[in-house]
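S.K.: Got a structure here, written out as structure tokens. Questions coming.
The values are calculated or read from the model by the stated rules, or taken from the named source; none is laboratory data. The structure displayed is predicted, hence computed values, not measured ones. No Cβ is skipped: glycine too gets one built from the backbone with ideal geometry, and neighbour counts run over all protein chains shown. SASA here: full protein model, heavy atoms, side chains in, ligands and nucleic acids out. Shrake-Rupley method; radii C 1.70, N 1.55, O 1.52, S 1.80 Å.
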Amino acid sequence: MKANEVRGKEDAELRFDTDQLEKELFELRFRSMVEANPDPSKIRRNRRDIARMKTILKERELGLRGQESR
């Protein structure tokens, strides 16, 4: 997910998406330990998407980059 796509979302949507991605990341990590992981790059992608969303939420909270809470 691109930063511009994330910036277009509401705060509540970002929090919901972050929660969903964190749950999915947990499941992927668990599955990779128990069985062979067919797509290990998905773990990396999820981690980066979570970080991107949290960064934009924090920017909005602090009022950086012209971001306002939505």
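S.K.: Skip the ligands, DNA and RNA, and give the accessible area per residue of the chain with a 1.4 Å probe, whole Å².
M.R.: Values: 5190 Å² over 70 residues.
I get 74 Å² per residue for this part.
S.K.: Let me ask something else. Given that just one value was derived from the coordinates, which of [x] 12.9; [y] 15.6; [z] 12.1 is Kirkwood radius over Cα pairs in Å?
M.R.: Recomputing Kirkwood radius over Cα pairs in Å here picks out [x].
S.K.: While we're looking at this one, here's another question. Looking at the chain, which longest stretch skips every one of the GluC sites (Glu not before Pro) that is in a DSSP loop with at most 15 other Cβ atoms within 10 Å, leaving the sites themselves out?
M.R.: Numbers: sites that count: 10, 35, 68.
With a cap of 15 other Cβ atoms within 10 Å, the longest stretch comes to 36-67.
S.K.: Contact order normalised by length for the chain, with contacts defined as Cα pairs under 8 Å and 6 or more residues apart; what percent is it?
M.R.: For the chain, the relative contact order is 41 percent.
S.K.: Here is a follow-up. So if we plug the beta-carbon distance of residue 13 and residue 43 into 1/(1 + (r/R0)^6) with R0 = 22 Å, what FRET efficiency do we get, rounded to 0.05?
M.R.: Values: r = 23 Å, r/R0 = 1.04.
So, using R0 = 22 Å, E works out to roughly 0.45.
S.K.: To the nearest 10 square angstrom, what accessible area does residue 16 show with a 1.4 Å probe?
M.R.: Counting only protein heavy atoms, the figure is 120 Å².
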